[in-house]
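To start, the structure under review is shown below, and the notes come after it.
The values are calculated or read from the model by the stated rules, or taken from the named source; none is laboratory data. Everything quoted here is computed from the prediction, not taken from an experiment. For neighbour counting, all protein chains shown are included, and Cβ atoms are generated from backbone atoms with ideal geometry for every residue, glycine included.
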Amino acid sequence: MQGLTAKDKELLDYLFDYCRHTTKQLAKALHLPQQTISYKIKRLEEQNYISRYDAILNWDLIPLTKKLYLFNTKKPGEIIKKTIKKKPVHSIHENTGTYNIAIWCFLKNKKQIQEFEEQLPEHKSITINKTIVSDFTHF
């Protein structure tokens, strides 16, 4: 994070958890004038330190089945290619260890689960009953 001041880093850290706060709320929390916050945010966006603002969803309240599919395959590229554009796929991760591919899915109903799983090669699946979201930031 070259070229960032301590206040820039503090602002980025705060935005990680509170990206929907107004500049007035950010100014109060960081003890800076609102105009300074607006300037810093604009500059950080222009320098691509901020590329978008996300909502962190409470997956436990959303009525979807959350499943993790694990694969141990010699051809991870094939699995990725076959599944990457499937509707229930949220993300795909290449790993090391026993399972080298992990696919996170959010599925609507049993029919969608069955149809999706019929298309998959041999795998292990885990239904996620409780999600855990980290309470730390990267700064």
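When each of ILE50, ILE103, ILE56 is tested for being farther than 20 Å from THR131 by Cα and out of contact with any Asp or Glu (no Cβ under 7 Å at 6 or more places or on another chain), the lone residue that passes is ILE50. Within the set ILE50, ILE62, the sole residue that is of a type in the set (Val, Ile, Thr) and more than 30 Å from GLU122 (Cβ to Cβ) turns out to be ILE50. Residues in the range 70-119 that are within 18 Å of the chain's Cα centre (by Cα) and among the aromatic types (Phe, Trp, Tyr) were compared, and the one that is surrounded by the most Cβ atoms within 10 Å (Cβ to Cβ) is PHE106.
Under the condition of being surrounded by 11 or more Cβ atoms within 10 Å (Cβ to Cβ), within 18 Å of the chain's Cα centre (by Cα) and hydroxyl-bearing (Ser, Thr, Tyr), the residues counted in the range 15-66 number 3. Pairs are defined by a Cβ separation below 9 Å, a sequence spacing of at least 6 or placement on different chains, a first member in the range 49-60 that is at pLDDT 85 or above and of a type in the set (Phe, Trp, Tyr), and a second member that is exposed (fewer than 11 other Cβ atoms within 10 Å of the Cβ) and assigned to a loop (DSSP other than H, G, I, E, B); the pairs so defined are TYR49/MET1. Taking the range 89-101 as the range and being in a strand (DSSP E or B) and either more than 30 Å from LEU12 (Cα to Cα) or not assigned by TED's automatic domain parsing to the domain that holds LYS124 (or both) as the test, only ILE101 passes. In the range 1-14, of all residues being assigned to a loop (DSSP other than H, G, I, E, B) and of a type in the set (A, V, I, L, M, F, W, C), the one that is surrounded by the most Cβ atoms within 10 Å (Cβ to Cβ) corresponds to LEU4.
Looking at LYS42, LYS82, just one residue is modelled with pLDDT of 95 or more and charged (D, E, K, R), and that residue is LYS42.
Quick grid of which residues meet (1) part of a helix (DSSP H, G or I); (2) under 30 Å from LYS7 (Cα atoms); (3) in contact with a helix residue (DSSP H, G or I) (Cβ under 9 Å, 6 or more places away or on another chain):
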{"position": "ARG43", "(1), (2), (3)": "yes, yes, yes"}
{"position": "TYR53", "(1), (2), (3)": "no, yes, yes"}
{"position": "ASN58", "(1), (2), (3)": "no, yes, no"}
{"position": "LYS66", "(1), (2), (3)": "no, no, no"}
{"position": "GLY77", "(1), (2), (3)": "yes, no, no"}
{"position": "LYS82", "(1), (2), (3)": "yes, no, no"}
{"position": "LYS87", "(1), (2), (3)": "no, no, yes"}
